[in-house]
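Below: one structure, written as structure tokens.
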Amino acid sequence: MTQRVAVPGAGGHTGGFVVAELRRRGLEPVPCPRGTDLDEAFRQVDAVINCAGPFAATAGPAIGAAVRAGLPYLDVTAEIEVVTETFAGHRDAPIPIVPAAAFFGGLADLLATTVFTPGTEKILIGYALSSWHPTPGTRATGRVSAQRRAGRRIAYRDGGLRVLGSGDAPRTEWTFPSGTRPVVGEFTTADSATIPTHLAVREVATFMTVNAVDDLIAGRAREHDESFLVEVVAGERRAVARGRDIYAITAPLCVEAAVRILAGEGAAPGVASLGARFDARDFLDAMPLE
């Protein structure tokens, strides 16, 4: 029998990629538009992939309904506060919960897991995007996160997420395999909420290429030929992933996780990131990365 996956937010940009990937993998997506009775919808499926942002409003109710239905729950949030709250509030949940199974949160978490060795205190993450033309959903979730922290920046330092200033973020350079690029520091993403839950580090520092930050601030219209490079450095070890379209790559990340959990792999109850729940190298090998 074909397994069915509920997809709140299926009508959004990322949700569309997730629906297509589910079908490609032989699963049946069940769209759940806003206003859907989740308790009723979740009684008819085998798992949930929540793509409906802002997740500050949707994650809690969707997780609650998934728990009541006894279903694995995954989402693609990049909202750091939501990821932190999910780990804090559902560590002992009776179902598998995987927050941030996406480009931001999941990918660097997997890369960091492959290069981390005990005793490493700091992980550096560099993002090089050819461009970043945010979707309306990205802009909406960004506004919610900014409001929650009153416009101030945050970073994972000294073993915890710390609130920083509200002025301009520091700028420096990062030498990627493709060359040296100007980057913005303290560009903290969901990786800083997932990585420390299973890797004993005291600091996670994230950098984003300046051109992508400028695109994000300007809110320019989407283009179709966007590429990315993510590099994670842990001590003397580093891992790199390249691909196209940060929104499109989210679909194979979360769908692969759902498929594995439904098959019994990494299906332990409680909340855990991609890197904690699966063999990171094997998982990355299954991704359409360049």
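At-a-glance table
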quantity	calculated
Any hit, segment 29-50, residues being buried (at least 24 other Cβ atoms within 10 Å of the Cβ) and in contact with a Ser or Thr (Cβ under 8 Å, 6 or more places away or on another chain)	yes
Residue in segment 172-216 that is surrounded by the fewest Cβ atoms within 10 Å (Cβ to Cβ), counting only those that are under 24 Å from PHE116 (Cβ atoms) and without any contact (Cβ under 8 Å) to a residue 24 or more places away in the chain	THR175
Cross-chain or 6+ apart pairs with Cβ under 8 Å, segment 40-63 first and assigned by TED's automatic domain parsing to the domain that holds VAL30, then surrounded by fewer than 17 Cβ atoms within 10 Å (Cβ to Cβ) and polar (S, T, N, Q)	ASP46/GLN3; ALA47/GLN3
Residues of segment 76-107 that turn out to be over 15 Å from SER145 (Cβ atoms) and not in a loop (DSSP other than H, G, I, E, B), as a count	10
Which listed residue is small (Gly, Ala, Ser) and within 16 Å of ALA205 (Cα to Cα), from GLY70, GLY105, GLY89	GLY105
Within segment 115-138, tally of residues that are modelled with pLDDT of 95 or more and part of a helix (DSSP H, G or I)	1
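Okay, residues lined up against (1) modelled with pLDDT under 95; (2) in the same structural domain as ALA272 (by TED's automatic domain parsing):
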residue: VAL83; (1), (2): no, yes
residue: THR113; (1), (2): no, no
residue: ALA140; (1), (2): yes, no
residue: TRP174; (1), (2): no, no
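The values are calculated or read from the model by the stated rules, or taken from the named source; none is laboratory data. Remember, it's a predicted structure, so these values are computed and weren't measured experimentally. FYI the Cβ positions are ideal-geometry reconstructions off the backbone, even for glycines, and counts take in every protein chain you see.
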